[in-house]
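Peer 1: First, the structure itself, so that you have it in front of you.
Each value in this text was obtained by applying a stated rule to the coordinates, not by laboratory testing. Predicted, not measured: the structure shown is a model, and the values here were computed from it. A quick note on method: Cβ atoms are made from the backbone with ideal geometry, for glycine too, and the neighbour counts reach across all protein chains shown.
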Amino acid sequence: MANLQSFTEWIADYASVVSEQADYLTDLDRAIGDADHGSNMNRGMVKAAELAGAEEFSAIDAYLKKVGMSLVSNVGGASGPLYGTFFLRMAGAFADVAEAGAAEVGAGLRAGVEGILARGKAETGDKTMYDAWSPALDAFDEAVGAGSDLAGALRAAADAAARGRDATKDLIARKGRASYLGERSRGHIDPGATSSTLLIESAARSLA
Amino acid sequence: MANLQSFTEWIADYASVVSEQADYLTDLDRAIGDADHGSNMNRGMVKAAELAGAEEFSAIDAYLKKVGMSLVSNVGGASGPLYGTFFLRMAGAFADVAEAGAAEVGAGLRAGVEGILARGKAETGDKTMYDAWSPALDAFDEAVGAGSDLAGALRAAADAAARGRDATKDLIARKGRASYLGERSRGHIDPGATSSTLLIESAARSLA
Amino acid sequence: MKKLINDPADVVVEALRGMAAAHPDRLRVDLENRVVYRRDPIRAGKVGLVSGGGSGHEPMHGGLVGLGMLDAACAGEVFTSPVPDQMMAATKQVDGGAGVLHIVKNYTGDVMNFEMAAELAAAEAGTEVQSVVVDDDVAVQDSLYTAGRRGVGTTVLLEKIVGAAAEEGRSLADCAALATQVAESGRSMGMALTSCTVPAAGKPTFDLAEDEMEVGIGIHGEPGRKRMPMAPAKEVAEMLLEPVLADLDFTGDTGAIVMMNGMGGTPLLELYLMYHEVAQILEKSGVTVARNLVGNYITSLEMAGCSVTLLRADDDLVGLWDAPVNTPGLRWGV
Amino acid sequence: MKKLINDPADVVVEALRGMAAAHPDRLRVDLENRVVYRRDPIRAGKVGLVSGGGSGHEPMHGGLVGLGMLDAACAGEVFTSPVPDQMMAATKQVDGGAGVLHIVKNYTGDVMNFEMAAELAAAEAGTEVQSVVVDDDVAVQDSLYTAGRRGVGTTVLLEKIVGAAAEEGRSLADCAALATQVAESGRSMGMALTSCTVPAAGKPTFDLAEDEMEVGIGIHGEPGRKRMPMAPAKEVAEMLLEPVLADLDFTGDTGAIVMMNGMGGTPLLELYLMYHEVAQILEKSGVTVARNLVGNYITSLEMAGCSVTLLRADDDLVGLWDAPVNTPGLRWGV
Ligand SMILES: Nc1ncnc2c1ncn2[C@@H]1O[C@H](COP(=O)(O)OP(=O)(O)O)[C@@H](O)[C@H]1O
Ligand SMILES: Nc1ncnc2c1ncn2[C@@H]1O[C@H](COP(=O)(O)OP(=O)(O)O)[C@@H](O)[C@H]1O
Ligand SMILES: [Mg+2]
Ligand SMILES: [Mg+2]
Ligand SMILES: [Mg+2]
Ligand SMILES: [Mg+2]
């Protein structure tokens, strides 16, 4: 079961992963974007990770809402509104939830991803972060259906996300900056799919 | 004895030498100037060499005057007025001279160099074209004094110019663009001293 | 990376301090929100014009704030869209009661952040906000199923023209309609001789060989549509104008406002040389140049290269173009 | 060499064609003599202002021709002084009966060519010509026994100020005296992050390592006084201002006109950042900034780098500075 503390650990863990991987994320974005995805995410996650220390939170939803607002306010670019909306919508799914099991976390992730879709209007195969999220959600639900606990479901989601991320390599981008490259976007992994996979992997470490 | 034809040959010969050496002159100017001496001289000499074909000249002085005016009008930079003045003043020394021997050519060169001094106010050791001309004139006069004919005197002058040119390498520039470099101008041969040496060498081939 | 900067993280805010120091007579800079405002508060009843985007395109947008042009410009990190907080702050400040127009370049990030800001500003302050999205870059194919074309040079011309309309006192609806008209009448195409280096990234976004150029480039150091061997200016001009002219109809009496824009690292000497080529092609194509701009207006840091923008302009647009403007980047009539 | 050009030999004349095409409302270009003139003939009784020099420093000088500034600018080959024929043609054209002032930057070539032109113009046409030689570059030691200091940034400020005085109808003697005053009151210092490539030469004039900068640079791609490791903007600003401030006396009430100038390849973002550093140092030094310019005004092709110019300016100079000017490169009040 994941409680408020698990969620703050998730954010802290992800912030440290992003800081380590910032150059890599930026390199991915250099190939098919504008070379800022790592610094965008890092700028936002540094701020988001500071929230837990600066303020006393009493509930998961209040905390996730602040994380979302902080990302919206600090990241900019495409990833700011997308990740910000993800956390804001996820927060909405945790009203009155103090301890989250597989069902609650699954609902939360799905609400978040619906936010990403609402903002970005991406579809499967557009070579965006959704191409990591979509198989991750499916794998999560499948694992839960097969009797997995939260830890197992998150592990399955992370693996699926990684496969989805790798599969973006062969796609032609149809959304975001990489779409301007047309054919030339093929052959490169999508940076946002990569940072999203890292977020799910981090959840698998922290939330279960 | 040098006649009008010898002088047009001189200009034609020098034009072809400058065209061959333009990159080298520009390289010298790149080190301590602004990388244009070769193209400046080449632009001017192409035009000067065209004069003889385009117009019928009846006297050396009229021809040299046109050469000087053409250089003034086409070279620009420091070398334009300097070489232009050289030929204009040299022309003045050939009034009524149809056939020039060592005495006339010596007087002509000296008048030309006085023009360079009047324009540029350089002194010996300033690391300019004057550092080629000054020993060249002295060597010319000495050779004439020792009984040399025009050919011998020009050969002596060319050798002395080359030594003067080489000696500019160790000098610190005090005139022209190279002077802005101070100490850092040392170690490089002066481009103008090089083009002047080529002019005297060309005279040794053409005027005698 | 060689730049005249201190810490790469401080580039944007330190440059904004420089703008504040340089133009106290005309600008006011909110350093915390990173918004450049006109010095004087908005005139009651005037539509407020807000633009913004990533930094690194100067003078756009901060240098285009002033009489007859923008009321506020939000500065994002280098090549990164600003965040909704900045746009909300700006929108509230320049609401003179007649509503606010957001001028947005068509990039996913810019569009989404401005969208969030408009939703929030309407909810929080009740400010009426309309938006125009500029997507004029013919290097990118337009499609409903992709992010569509990028917004580039036409943005500058639009900010000038709609700025004049707002100054005249036209309504929000009129300004928005005019903005849409301008956005639809402008097309651009760019190319690069070199890449640029985002300060935070520390190395060039792409590499070009000594004999290559990148054609169909945007303004963020993104690679373009194709890499080609270097070509003479004349051919470059043809390559840039061909798709622009194919996409704009100049039959009838309509003239063009032409912008020969430098990407930041190309000297004016070359821009004028390119303008000569462009003017010749336009003459051959029967396009009358009503007005022109030659210089660095929408740049990509220190990238060497250029872009051409053509705007179909009737007498009304040209009249608005000629109206007084007083910004650091564009000034006449005052 | 990567440039937006056709044949390197045609760069200057093709760029002039571009200027002519871009500014038919304000300029007239004599392509044969390579002189940029104001469109309208000189007003009888107005002193004519002629400047010129090598090309590659745009907008200086051709882009500074117009109301309130130059009457004519002679364009030499890239980085090569124009020839006397050009200056003579210009001098005769802009002689409105009140004489002509030649504004010359202190380079051996420029000085000698303008000297020959003045001698010839006086002899041929009887035009009264006076000259001012600008030598404001503190990177170079002044001395009677050398070529002295180079003329750089102060030239731009001088052309604006004396341009306003001539427009006011001041006499040749007054304009020349004012020009001398301005030349003596201005000092500059520059630096480069990269070299530049003269089109005809085809390769960079000097090479700088990735971690080096060249301090005390001129405007012709000449190497500077010293090569140093790259430093933060703050230290660069100190390095540039220190010798400038040491050479100008700002005690009393006199303020400064400050120009933060880009060398052609440095983006405005960095110039504003540098201006912030400069403004801070000036404040600490007790120097009041009366007016400022931030941008590319006297450049060195695509060189990355900057220079700072400080001009001691009393109320008279500031008044002349504020007078209307309408050139492609500088415009206000019109
Ligand atoms: N419409 C969209 N829907 C979902 N994800 C998107 C969309 N557009 C872009 N992205 C994601 O955003 C990532 C880029 O983020 P980032 O580099 O921070 O922003 P920007 O593209 O504005 O520079 C892409 O790799 C992609 O995964
Ligand atoms: N005052 C002077 N007197 C004599 N020669 C000079 C003087 N100044 C410069 N020179 C000569 O001119 C040469 C440079 O010519 P050039 O490169 O064509 O002109 P610029 O220096 O204007 O670019 C120098 O190498 C030097 O020999
Ligand atoms: Mg990006
Ligand atoms: Mg030279
Ligand atoms: Mg970005
Ligand atoms: Mg030169």
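Peer 1: Hey, can you grab everything whose amide H is under 5 Å from the amide H of C:Ala256? Only 5+ residues off in sequence or another chain; H modelled, so Pro and N-termini drop out.
Peer 2: Placed amide hydrogens put C:Thr288, C:Val289, C:Ala290, C:Arg291, C:Ala313 under 5 Å from C:Ala256.
Peer 1: Provide Rg and Dmax in Å for segment C:13-184, with only Cα atoms included in the calculation.
Peer 2: For segment C:13-184, the Cα-based Rg and Dmax read 14.7, 46 Å.
Peer 1: Here is a further query. Could you tell me which residue out of B:Gly125, B:Val105, B:Pro135 lies farthest along the dipole of segment B:96-153 toward its positive end? Charges go on the beta carbon: Lys and Arg +1, Asp and Glu -1, centred on the Cα centre.
Peer 2: In segment B:96-153, that residue is B:Gly125.
Peer 1: At most 15 other Cβ atoms within 10 Å plus a DSSP loop assignment makes a site exposed; report the longest stretch of chain D without any exposed GluC sites (Glu not before Pro).
Peer 2: Working: sites that count: D:Glu32, D:Glu168, D:Glu210.
After excluding every exposed loop site, the longest remaining stretch is D:33-167.
Peer 1: Follow-up question, since we're still on this one. Between C:Glu283 and D:Ala177, what is the spin-label point distance in nm, taking each point 7 Å from the Cα along the Cα→C-beta axis?
Peer 2: Between C:Glu283 and D:Ala177, the simple spin-label model gives 4.8 nm.
Peer 1: List the residue from chain D whose beta-carbon is nearest to the axis that rotates chain D onto chain C, together with that distance in whole Å.
Peer 2: Residue of D nearest the axis onto C, distance in Å: D:Gly265, 2.
Peer 1: For segment D:6-11, take each phi angle, set θ = phi - 60°, evaluate the Karplus expression 6.51 cos²θ - 1.76 cosθ + 1.60, and give the result in whole Hz per residue in order, putting x for glycine and proline.
Peer 2: With coefficients 6.51, -1.76 and 1.60, one gets 9, 6, x, 5, 9, 3 Hz.
Peer 1: Taking a ≥ b ≥ c as the square roots of the Cα gyration tensor eigenvalues, with a/c under 1.5 meaning rounded and otherwise prolate when a/b beats b/c, else oblate, which class fits segment B:4-206? Let's see the in-between values first.
Peer 2: Values: a/c = 1.86, a/b = 1.30, b/c = 1.42.
Oblate, since a/c reaches 1.5 and b/c is not below a/b.
Peer 1: Same structure again: From the label point of A:Ala59, set 7 Å along Cα to the beta carbon, how far off in nm is each other copy's matching point, shortest first?
Peer 2: Label-point distances to the other copies, shortest first: 11.1 nm.
Peer 1: Taking R0 as 22 Å, what FRET efficiency do you get between D:Asp7 and B:Val46 from their Cβ-Cβ distance, rounded to the nearest 0.05?
Peer 2: Efficiency, from the Cβ-Cβ distance: 0.90.
Peer 1: Taking Cα pairs under 8 Å and at least six residues apart, what relative contact order does chain D come out at, in percent?
Peer 2: This gives 18 percent for chain D.
Peer 1: Further question on the same structure: Shielding by partners for D:74-82, please: the mean number of other protein chain Cβ atoms within 10 Å of each residue's Cβ.
Peer 2: Working: counts 1, 1, 5, 8, 5, 8, 12, 9, 3.
That average works out to 6.
Peer 1: Here's something else I'd like to know. Can you find, among D:Ala166, D:Gly255, D:Val156, the residue sitting farthest towards the positive end of the charge dipole of segment D:128-282, where Lys and Arg contribute +1 and Asp and Glu -1 at Cβ?
Peer 2: D:Val156
Peer 1: So what is the 222 nm mean residue ellipticity for chain B from helices alone, if each DSSP H run of at least 4 adds -39500 (n - 2.57) and you divide by all residues, rounding to the nearest 500 deg cm²/dmol?
Peer 2: Values: 8 runs with 145 residues, N = 208.
My calculation for chain B gives -23500 deg cm²/dmol from helical runs alone.
Peer 1: Compute, for the protein assembly as shown, the length of the dipole vector about the Cα centre, with Cβ point charges of +1 (Lys, Arg) and -1 (Asp, Glu) only. Units Debye, rounded to 20. Provide the component values of the computation, followed by the final result.
Peer 2: Numbers: 92 positive and 150 negative charges, 101 e Å.
The calculation lands at about 480 debye.
Peer 1: Still on this model: To the nearest Å, what is the center-to-center distance of segment C:159-188 and segment A:112-142, using C-alpha atoms only?
Peer 2: For segment C:159-188 versus segment A:112-142, the Cα centre distance is 37 Å.
Peer 1: On to the next question. Which value, in debye to the nearest 20, describes the size of the charge dipole of chain C about its Cα centre when Lys and Arg Cβ atoms bear +1, Asp and Glu Cβ atoms bear -1, and nothing else is charged?
Peer 2: That gives chain C a dipole magnitude of about 560 debye.
Peer 1: Now for a separate question. Among the GluC sites (Glu not before Pro) within segment A:28-104, which fall in a DSSP loop and have no more than 16 other Cβ atoms within 10 Å of their own Cβ? Don't skip to the end; give the middle numbers.
Peer 2: Numbers: sites: A:Glu50, A:Glu55, A:Glu56, A:Glu99, A:Glu104; in loops: A:Glu55, A:Glu56, A:Glu99.
Hits after loop and neighbour filter: A:Glu55, A:Glu56, A:Glu99.
Peer 1: Further question: Using a Förster distance of 25 angstrom, determine the FRET efficiency expected from the C-beta separation of D:Lys203 and B:Ser19, and round it to 0.05.
Peer 2: On the way: r = 19 Å, r/R0 = 0.76.
So the FRET efficiency works out to roughly 0.85.
Peer 1: Suppose every K and R has +1 on its Cβ and every D and E has -1 on its Cβ; what is the size of the dipole of segment C:1-78 about the Cα centre, in Debye to the nearest 20?
Peer 2: Working: 10 positive and 10 negative charges, 58 e Å.
With Lys and Arg at +1 and Asp and Glu at -1, about 280 debye.
Peer 1: Placing the label point 7 Å from Cα along the Cα-to-Cβ direction, what are the distances from D:Asp7 to the equivalent spots in the other copies, shortest first, in nm to one decimal?
Peer 2: Reported distances to equivalent positions: 5.5 nm.
Peer 1: On each of the three principal axes of the Cα atoms of the protein assembly as shown, give max minus min coordinate, whole Å, ordered largest first.
Peer 2: The principal-axis extents, from largest down, are 117, 62, 54 Å.
Peer 1: Please state, as a whole number in µm²/s, the translational diffusion coefficient that the Stokes-Einstein equation yields for chain C at 37 °C and 0.692 mPa s, with Rh defined as the Kirkwood radius across alpha carbon pairs.
Peer 2: Numbers: Rh = 19.8 Å.
After rounding, the answer is 166 µm²/s.
Peer 1: Further question on the same structure: Set Lys and Arg Cβ to +1 and Asp and Glu Cβ to -1, take the dipole of chain B about its Cα centre, and tell me which of B:Val67, B:Asn3, B:His188 lies farthest positive.
Peer 2: Farthest towards the positive pole: B:His188.
Peer 1: Percent relative contact order of segment B:4-206, based on C-alpha pairs within less than 8 angstrom and at least six residues apart?
Peer 2: Numbers: 364 pairs, mean separation 43.5, N = 203.
Here the relative contact order equals 21 percent.
Peer 1: Now a separate question. Non-local amide H neighbours of D:Ser55 (under 5 Å, H modeled in plane, Pro and chain starts lacking H): which ones?
Peer 2: HN-HN under 5 Å from D:Ser55: D:Gly76, D:Glu77, D:Val78, D:Phe79, D:Thr80.
Peer 1: Can you list residues from other chains, or at least 5 along the same chain, whose modelled amide H is less than 5 Å from the amide H of C:Arg331?
Peer 2: It is none; the list stays empty.
Peer 1: While we're looking at this one, here's another question. Using a/c under 1.5 as the rounded threshold, could you call segment D:217-262 rounded, prolate or oblate? The axes a ≥ b ≥ c are square roots of the C-alpha gyration tensor eigenvalues, and prolate needs a/b larger than b/c, oblate otherwise. Mind showing how you got there, number by number?
Peer 2: Numbers: a/c = 2.20, a/b = 1.80, b/c = 1.22.
The shape class here is prolate.
Peer 1: As an exercise, identify the trypsin sites (Lys or Arg not before Pro) in segment A:56-157 lying in DSSP coil whose Cβ has no more than 15 other Cβ atoms within 10 Å. Each step should come with its number before you reach the end.
Peer 2: Working: sites: A:Lys65, A:Lys66, A:Arg89, A:Arg110, A:Arg119, A:Lys121, A:Lys127, A:Arg155; in loops: A:Lys121, A:Lys127.
For trypsin sites (Lys or Arg not before Pro) across segment A:56-157 that sit outside H, G, I, E and B with at most 15 neighbouring Cβ atoms in 10 Å, the list reads A:Lys121.
Peer 1: May I ask you to derive the FRET efficiency for D:Trp332 and B:Asp96 from their Cβ-Cβ distance with R0 = 60 Å, giving the value to the nearest 0.05?
Peer 2: 0.45
Peer 1: Peptide A:172-183: average number of partner chain Cβ atoms within 10 Å per residue?
Peer 2: Numbers: counts 1, 2, 4, 4, 5, 9, 3, 9, 18, 7, 7, 2.
Mean inter-chain Cβ contacts per residue within 10 Å come to 6.
Peer 1: Further question on the same structure: For segment D:112-122, in order, what is each residue's ³J(HN,Hα) by Karplus, 6.51 cos²θ - 1.76 cosθ + 1.60 with θ = phi - 60°, in whole Hz (x at glycine and Pro)?
Peer 2: Couplings: 5, 5, 5, 4, 4, 5, 5, 4, 5, 5, 5 Hz.
Peer 1: Would you mind telling me the antiparallel percentage of the DSSP bridges in chain D, rounded to 5?
Peer 2: Details: 32 of 56 bridges.
Beta bridges within chain D, antiparallel portion: roughly 55 percent.
Peer 1: Shielding by partners for A:110-117, please: the mean number of other protein chain Cβ atoms within 10 Å of each residue's Cβ.
Peer 2: Values: counts 0, 0, 0, 0, 0, 0, 0, 0.
Other-chain Cβ atoms within 10 Å of each residue's Cβ, averaged: 0.
Peer 1: Could you check the spin-label model distance between A:Arg163 and D:Asp316? Points 7 Å from the Cα along Cα→Cβ, value in nm.
Peer 2: 8.5
Peer 1: Report relative contact order for segment C:186-321 in percent, whole number only (criteria: Cα-Cα under 8 Å, sequence separation at least 6).
Peer 2: Details: 274 pairs, mean separation 45.7, N = 136.
Result for segment C:186-321 is 34 percent.
Peer 1: In nm, give the distance between the simple-model label positions of D:Arg39 and C:Ala123, each being 7 Å from the Cα along the Cα-to-Cβ direction.
Peer 2: 5.4
Peer 1: I would also like to ask the following. List the distances, in nm and shortest first, from the label point of C:Ser143 to the matching label points in every other copy, placing each point 7 Å from Cα along the Cα-to-Cβ direction.
Peer 2: Between copies, matching label points for C:Ser143 lie 6.9 nm apart.
Peer 1: Distance from a point 7 Å along Cα→Cβ of C:Ser143 to each backbone N in segment A:168-196: keep the residues under 12 Å and list them by number.
Peer 2: A:172-176, A:179-185
Peer 1: Okay, next question. Residue-wise, which Karplus ³J(HN,Hα) couplings in Hz belong to segment D:285-296, taking 6.51 cos²θ - 1.76 cosθ + 1.60, θ = phi - 60°, and x for glycine or proline?
Peer 2: Per-residue couplings from phi come out as 7, x, 9, 7, 8, 7, 8, 8, 10, 10, x, 8 Hz.
Peer 1: So, one more: Using C-alpha positions alone, give me the convex hull volume of segment D:186-321 per residue in cubic angstrom.
Peer 2: Values: hull volume 13.7 nm³, N = 136.
For segment D:186-321, the hull spanned by Cα atoms encloses 101 Å³ per residue.
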